[in-house]
Amino acid sequence: MSTRHMTACALVALALGYGVASQASAGEIKIGMVTPITGPAAESGKYAQIGANMAIDEINAAGGVNGNKLTLVVEDDQTTNPGAVAAFSRLASQSDISVFLGSIRSTQVDAMSPDIVKLGKPVFIGGTAPQLTHQGNQWLFRCRPNDSYSARVIADFGVDTLGLKKWAVVHSTDAFGTGGMTALVAALKTHGLEPTLVQGYPNQSPDFSAVVLAVKSSGADVIGSYFTFENDLGIFAKQLKQFGVQAKWVGSPSITTSTALKLAGPSLYGTYGIADFAADSSPEAKAFDAKYQPIAHVPADNFGSWTFDAVHIAAKAMADAKTTEPAKVRAAILAIKGYKGVEGTYNFDQNGDGLHGYNIVRNDGGKIVFDKHVEYND
């Protein structure tokens, strides 16, 4: 490496807030990652790995963390709760892994949580069920906003902007969907509204005709949804069209992902979504999307963005703490304020939640178009 290149990397490292040391002293810091490699969510797992590896390459090119290079150790969760628990157990047995990336699925994070407490090392998560960071597990750090915020944005946008008051709430019956449903029903109550229908469904359902007919019979003019898996959302979207349901649709972030757009196609045209990642929401998000698309061959979405941010935040915390000792890294994470990630600006609270707002987007002929960002201070 030339002196000129080393100087450039050092400047980048300083700008990012990471420590720099000579190559001779470089060691290795391992990051463990639980993600689907097989099963229905395997495509999302591929995107999550791309985001994490992009961050690792960026950090390592800038000198690493305190002179140490980052490496990623990945285990397959098989798109199941038992698979996620087993994957985390395999990673946890490796004592040289310093921090972890957990699941984007709340139901899997919930299943892993007892083992995370036992291990006592920082785990970054993408699951958005509010209760995950409110159950006394001090080792969970969320790199997406939780659904107490998404529910408020869905309700406020649907009622105040779209002017719709007859709601059907459709949700998975797992931790994520139940938490989102509960939060959305509560948010609608602040508008003086009760849903005309609250309809749950089990994950990996092959047919949504009964759910769609319930929505149609309810007379709802707007659907608020919390879908865990994009394959379920795709079936539901197509059957809404087949049964002629005309209600507007404001969905949780799964409605905005590249996988959902691919599976549902025109069935999602004209829908609205609450997205934690939107390429046009900030300069950081736009720059990430520009780097991500040539690698993933799809527009960036939350699968890659949250893992990209999580790796950068983990690196910053370890650099700030000047150690990988878990308690000191935990304190450094909680001290992070005003960090501009690609998902938004991180201000970690005492519960381990870093983000506190969502973007409103719409599906314009298959393209996700940014409308506005809504941030909450409470």
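The values are calculated or read from the model by the stated rules, or taken from the named source; none is laboratory data. None of the values given here were measured: they were computed from a predicted structure. All Cβ positions, even for glycine, are placed from backbone atoms using ideal geometry, and neighbour counts span all protein chains on display.
If you check Gly179, Gly200, Gly224 for being closer than 28 Å to Arg142 by Cβ, in contact with an Asp or Glu (Cβ under 6 Å, 6 or more places away or on another chain) and not acidic (Asp, Glu), only one passes: Gly179. Applying the condition of being of a type in the set (D, E, K, R) and closer than 21 Å to Ile56 by Cβ to the stretch 331-357 and asking which residue is nearest to the chain's Cα centre (by Cα) yields Glu343. For the stretch 241-263, taking the residues that are of a type in the set (A, V, I, L, M, F, W, C) and out of contact with any Asp or Glu (no Cβ under 8 Å at 6 or more places or on another chain), the one that is farthest from Gly365 (Cα to Cα) is identified as Phe243.
Among the residues of the stretch 69-79, is any of a type in the set (S, T, N, Q) and surrounded by fewer than 17 Cβ atoms within 10 Å (Cβ to Cβ)? The answer is yes, given that some residue of the stretch 69-79 is of a type in the set (S, T, N, Q) and surrounded by fewer than 17 Cβ atoms within 10 Å (Cβ to Cβ). From the list Val123, Val117, exactly one residue is in the same structural domain as Gln49 (by TED's automatic domain parsing), closer than 15 Å to Leu334 by Cβ and free of Cβ contacts under 8 Å to residues at least 60 places away in the same chain. Which is it? Val123 is the lone residue from the list that is in the same structural domain as Gln49 (by TED's automatic domain parsing), closer than 15 Å to Leu334 by Cβ and free of Cβ contacts under 8 Å to residues at least 60 places away in the same chain.
When the stretch 286-337 is filtered for residues that are of a type in the set (Ser, Thr, Tyr) and not in a helix (DSSP H, G or I), the ones remaining, listed by number, are Thr323, Thr324. Among the candidates Ala111, Ala48, the residue that is part of a helix (DSSP H, G or I), under 18 Å from Pro122 (Cβ atoms) and among the hydrophobic types (A, V, I, L, M, F, W, C) is uniquely Ala48. So is Asn66 polar (S, T, N, Q), touching a residue at least 40 places away in the same chain (Cβ under 8 Å) and assigned by TED's automatic domain parsing to the domain that holds Lys291 or not? Yes: the conditions hold for Asn66. A residue that is outside any loop (DSSP other than H, G, I, E, B), over 30 Å from Trp167 (Cα atoms) and of a type in the set (Phe, Trp, Tyr) occurs nowhere in the stretch 266-277.
Can you confirm whether the stretch 135-148 contains a residue that is part of a strand (DSSP E or B), out of contact with any Cys (no Cβ under 7 Å at 6 or more places or on another chain) and among the charged types (D, E, K, R)? Yes.
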